[in-house]
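Some notes on the structure that comes next.
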Amino acid sequence: MMLATDRVILRPWRDADMDEFVAMHADPEVMVDAPALTRAQSEAKFRRYSETFERVGFCRWALRRRDDTFLGYVDIMPIPRAHPAAPGVEIGWRLVRPAWGQGYATEGAKAAMRDGFDRMSFSEVVSYASPENLRSQSVMRRIGLERDVGRDFVATTSEGIWIGWVWVANAHTWDRPTA
C-alpha cells in the first residue's frame, strides 16, 4: 500500500526508516508541542505505527519526497479509547525542520484524507492542536477541516494540562481539495 502525489509518497514504515524517525523526535524544535522523545520512546511509537497498519490497514505513514528524502509522517490513526476526542480517527503530521513551509504536510494530508474517505470509508476525520499551534491549524484549514468548538477538550498529560482545539471533516460534506 502506498499513496503518491506529484512530490511525495506515503507508505508503511520500513526498518530502514527508524534512525530518521528517531532523529526527528529528538529534535526539540520539531517537538515544540511535546517533549522530545528518547530513542526507546521513538522506537515504541515507530512499532505502534507499524502495528496499526498491520492491524487496521491505515496508520501514520512515512512521508518521503519522491527522491526518497525523509520528510516525516502524515496520515490517519485510530484515536485511543481513553482520549477525550475518542472514538474516531485523527489525522496528524510531524515533519523534519528542513521540510517546513514547503507544503509537504498539506500535500500529504490531502492524500491521506482522500484515502480515509474513499478507501477506508470513514464518515469523519478529526484533528486537534493546541491553540498556540498555528502552523498545524493552517494545514487543517488548507486540507478542508473546519473548527468544531463544541468538541474542544482539556487533557491531563505527564507534562501537565493540554488544551486541544478540534477540527473536523465529514465524508459527505468534505470539499476534496486537489493535491
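Within segment 93-126, track down each residue that is over 26 Å from Asp19 (Cα atoms) and among the hydrophobic types (A, V, I, L, M, F, W, C). Explain how you work it out, then say what you get.
Residues of segment 93-126 over 26 Å from Asp19 (Cα atoms): 110, 113-126.
Selection gives Met113, Phe117, Met120, Phe122, Val125, Val126.
When you check Arg64 against the structure, is it in a strand (DSSP E or B) and in contact (Cβ under 8 Å) with a residue 24 or more places away in the chain, yes or no?
Spelling it out, Arg64 is indeed in a strand (DSSP E or B) and in contact (Cβ under 8 Å) with a residue 24 or more places away in the chain.
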Unique match (being over 27 Å from Phe21 (Cα atoms), touching an Asp or Glu at 6+ places or on another chain (Cβ under 8 Å) and hydrophobic (A, V, I, L, M, F, W, C)) among Ala129, Ala171:
Ala171
Considering every residue within segment 48-66, establish whether at least one is surrounded by fewer than 16 Cβ atoms within 10 Å (Cβ to Cβ), in contact with a strand residue (DSSP E or B) (Cβ under 9 Å, 6 or more places away or on another chain) and modelled with pLDDT of 95 or more.
yes
Scan segment 1-27 residue by residue and report those that are in a loop (DSSP other than H, G, I, E, B) and of a type in the set (Val, Ile, Thr).
Thr5
Which condition number does Glu132 fail, the rest of (1) of a type in the set (Asp, Glu); (2) crowded, with 20+ Cβ neighbours inside 10 Å; (3) modelled with pLDDT under 95 being met?
(2)
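Restricting attention to segment 95-127, which residues are in a strand (DSSP E or B) and at pLDDT below 95?
At the first step, the residues of segment 95-127 found to be in a strand (DSSP E or B) are 95, 124-127.
Those that are in a strand (DSSP E or B) and at pLDDT below 95: none in segment 95-127.
Return the residues of segment 34-47 that are surrounded by 15 or more Cβ atoms within 10 Å (Cβ to Cβ) and free of Cβ contacts under 8 Å to residues at least 12 places away in the same chain; say none if nothing qualifies.
Within segment 34-47, just Ala36 meets the criteria.
Look at Asp75 and say whether it is of a type in the set (Asp, Glu), crowded, with 18+ Cβ neighbours inside 10 Å and more than 27 Å from Val154 (Cβ to Cβ). Explain how you work it out, then say what you get.
Values: of a type in the set (Asp, Glu): yes; crowded, with 18+ Cβ neighbours inside 10 Å: yes; more than 27 Å from Val154 (Cβ to Cβ): no.
Considered against the rule, which asks whether it is of a type in the set (Asp, Glu), crowded, with 18+ Cβ neighbours inside 10 Å and more than 27 Å from Val154 (Cβ to Cβ), Asp75 comes out as no.
With Arg60, Arg48, Arg39 as the choices, which residue is of a type in the set (D, E, K, R) and farther than 24 Å from Pro87 by Cα? Show your work before the answer.
On the way: Arg60 fails: farther than 24 Å from Pro87 by Cα; Arg48 fails: farther than 24 Å from Pro87 by Cα.
Arg39 is the lone residue from the list that is of a type in the set (D, E, K, R) and farther than 24 Å from Pro87 by Cα.
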Quick one: in segment 128-150, which of the residues that are charged (D, E, K, R) and in a strand (DSSP E or B) is nearest to Thr173 (Cα to Cα)?
Glu146
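Restricting attention to segment 79-94, and to residues there that are in contact with a Pro (Cβ under 9 Å, 6 or more places away or on another chain) and in a strand (DSSP E or B), which single residue is nearest to Leu37 (Cα to Cα)?
Here is the first cut: in segment 79-94, the residues in contact with a Pro (Cβ under 9 Å, 6 or more places away or on another chain) are 79, 81, 86-90.
From the residues that got through so far, the ones that are in a strand (DSSP E or B) too are 89-90.
Details: Val89: 23, Glu90: 21 Å.
Only one residue fits best here, namely Glu90.
The values are calculated or read from the model by the stated rules, or taken from the named source; none is laboratory data. Remember, it's a predicted structure, so these values are computed and weren't measured experimentally. Here the Cβ is made from the backbone with ideal geometry for all residues, glycine too, and neighbour counts use every protein chain on show.
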